[in-house]
Amino acid sequence: MAQFFVVHPENPQARLLKQAGQLLADGGLVAVPTDSSYAVVARLDDKTAAEALRRLRGLDDRHHLTLLCRDLAEIGHFARVDNRQYRFLKMATPGPWTFILEATREVPRRVSHPSRKTIGIRVPDHRVTLALLEAAGSPLMSTTLIPDGEDDPMNDAQAIFDRYANQLSAVIDGGACPRQPTTVIDLTGEAPEIIRRGQGDLSALGLD
């Protein structure tokens, strides 16, 4: 049965997030609010948790899992970033964007795309998410919490708990968040390519 943590959206209690971080360290899945919608997260180095993450969402191994990072410097450890990409990322992070980049060897194969060797990666602009990343002490693999067979992500913590209490280790209630997934932007080509439109104003990035 999942634990239910109610945290302040602007000043989340470190004690509660430390507990959630320990559940992740123990191999659990945690639902957390972000600047786009609720996401389910797990430790990057946990193969069993990655498989559980895909089962919960009904995803195959060709679907990009997203790596949540604390800052731009951390992105550079897990993705190959040239000067052009770096300037774009510096302008766009943090924010509700997921970027497709070439993965480095630090990224386990189970997280990157099996044929393209790319990774979805982002820096969220949400204090609860960032505080959980700090508590975990490392980036986390994640996926938008869209129920299998449905189109819309979930954004209500109690509804998530009611539906997934037996599949998650914890649900973090940081209040409602937008009910849109991130906008996905592929940066591996000559110019940024919008793969999925979601949360965020593309004109702010000069793309719309």
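The values are calculated or read from the model by the stated rules, or taken from the named source; none is laboratory data. As the structure is a prediction and not an experimental result, all values here were calculated from the model. As a convention, Cβ positions derive from the backbone with ideal geometry for all residues, glycine included, and neighbour counts pool all protein chains shown.
Within the range 119-137, the set of residues being over 12 Å from the mean Cα position of the chain (by Cα), crowded, with 16+ Cβ neighbours inside 10 Å and not in a helix (DSSP H, G or I) is empty. Do the conditions hold for Arg110, that is, is it more than 17 Å from Ser142 (Cβ to Cβ) and at pLDDT below 95? No.
In summary, Met154 fulfils each of the numbered conditions (1) over 14 Å from Leu68 (Cβ atoms); (2) crowded, with 22+ Cβ neighbours inside 10 Å; (3) in contact with a Leu (Cβ under 6 Å, 6 or more places away or on another chain) with the single exception of condition (2). Residue check: Ala191 meets all listed conditions (1) surrounded by fewer than 22 Cβ atoms within 10 Å (Cβ to Cβ); (2) outside any strand (DSSP E or B); (3) touching a residue at least 60 places away in the same chain (Cβ under 8 Å) but one, namely (3).
Residues in the range 155-188 that are free of Cβ contacts under 8 Å to residues at least 12 places away in the same chain and of a type in the set (A, V, I, L, M): Ala159 alone.
Collect the residues in the range 85-102 that are buried (at least 17 other Cβ atoms within 10 Å of the Cβ) and assigned to a helix (DSSP H, G or I), keeping them in residue-number order. Matches in the range 85-102: Gln85, Phe88, Leu89, Ala92.
The condition (being among the aliphatic types (A, V, I, L, M), within 16 Å of the chain's Cα centre (by Cα) and within 21 Å of Thr129 (Cα to Cα)) is satisfied by just one residue among Ala170, Ala159, Ala165, Ala176: Ala170. Would you point out the residue of the range 194-208, among those that are assigned to a strand (DSSP E or B) and of a type outside the set (A, V, I, L, M, F, W, C), that is nearest to the chain's Cα centre (by Cα)? Residue satisfying both the conditions and the ranking: Gln199. When residues in the range 53-84 are screened for being surrounded by 19 or more Cβ atoms within 10 Å (Cβ to Cβ) and in contact (Cβ under 8 Å) with a residue 24 or more places away in the chain, 12 of them pass.
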